[in-house]
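This report refers to the structure that appears directly beneath it.
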Amino acid sequence: MEVFELIHSMERTDENLIKSAEELDKAIDHIVQLIKDSCVLYFTGSYPSSAFLSITACEEVAKAHIGCFTNGKHPQKKGRNGFRDHKTKHLMAALPTVPMGQRLEEALGKGELQRIMNMAKNAGLVQARESALYFQREKGSLVIPSEKVDKNLARSLALFAIEVFDDALVGMTNHSYEMDDITDALFEQIKNT
């Protein structure tokens, strides 16, 4: 399902997830904290945990962005809440406008940007999220997150999360501009690693 079709299918009610500018600012503060924490973990070499928080930040951006307009429920699937489904949130985070600016493509390169966008659209971020958290048995050996998530993936996901935040939420409130200054500085720091 295309992202706009998915969003259009969600119910519009008076029970939206976010009901005021103050609530949106509260969600923005939470998202920026996730991004900051992801960057701290990246700089300390904890790449799997950094990647997990970057993916989580993308999920929360999608919830905040779409949650201003809907409660997240799919009318055709009673009881299902898109705000609790990782794949749905990843799809909503990877809006087609994310790669339109040059900043992310210049930082990642066209191929890596396309790979991350494809991961968001095709459940690859769900798999990366799981790989970042859990050890598992593969081909007869125990595999831990640090063997699945490397510096390059953590870097790409941190930059992607910052761009997703910038694309979806910056400009919706005055407070979002202040938070954008913080995330822009983090983008430059991560980009130069």
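Using DSSP to define loop residues, name the trypsin sites (Lys or Arg not before Pro) in segment 129-193 whose beta-carbon has at most 11 other beta-carbon atoms within 10 Å.
K139
If you plug each phi of segment 111-120 into the Karplus form 6.51 cos²θ - 1.76 cosθ + 1.60 with θ = phi - 60°, what whole-Hz ³J(HN,Hα) values come out, in order, with x for Gly and Pro?
So the J values, rounded to whole Hz, are x, 5, 4, 5, 4, 5, 4, 5, 4, 5.
Using 7 Å Cα-to-Cβ label points, what is the T44/E106 separation (nm, one decimal)?
Distance between label points: 3.2 nm.
Can you compute 3J(HN,Hα) from phi for each residue in segment 42-55, using the Karplus curve 6.51 cos²θ - 1.76 cosθ + 1.60 with θ = phi - 60°, rounded to whole Hz and x for Gly and Pro?
4, 5, 8, x, 8, 5, x, 5, 4, 4, 4, 5, 5, 5
Residues with amide H under 5 Å of C68's amide H, sequence separation 5 or more or different chain, H placed in the peptide plane at 1.01 Å from N; which?
Distant-sequence amide H within range of C68: I18.
DSSP loop chymotrypsin sites (Phe, Trp or Tyr not before Pro) in segment 108-193 with at most 13 other Cβ atoms within 10 Å of their Cβ, which ones?
Y134, F135
When E59, E112 are ordered from fewest to most other Cβ atoms inside 10 Å of their Cβ, what list results?
In order of increasing Cβ crowding within 10 Å: E112, E59.
Which order do peptides 24-37, 45-58 fall in by mean Cβ count within 10 Å, highest first?
Peptide ranking by packing, descending: 45-58, 24-37.
Based on DSSP H runs of at least 4 residues, each adding -39500 (n - 2.57), what is the mean residue ellipticity at 222 nm of the chain after dividing by all its residues, to the nearest 500 deg cm²/dmol?
About -21000 deg cm²/dmol.
May I ask you to derive the FRET efficiency for E138 and D37 from their Cβ-Cβ distance with R0 = 25 Å, giving the value to the nearest 0.05?
So the FRET efficiency works out to roughly 0.30.
Can you check how the C-alpha radius of gyration of segment 3-191 compares to 2.2 N^0.38 Å, as a plain ratio?
1.02
Take the residue pairs K151/K191; K139/K191; K63/K151; K110/K139 and return only those whose Cα atoms are more than 24 Å apart.
The answer is K139/K191; K63/K151; K110/K139.
Read-outs throughout are calculated quantities, based only on the coordinates presented, and are distinct from any laboratory measurement. Small disclaimer: the values here were computed from a predicted structure and weren't measured. Neighbour counts are summed over all protein chains in view; Cβ atoms, including those assigned to glycine, are modelled from backbone coordinates with ideal geometry.
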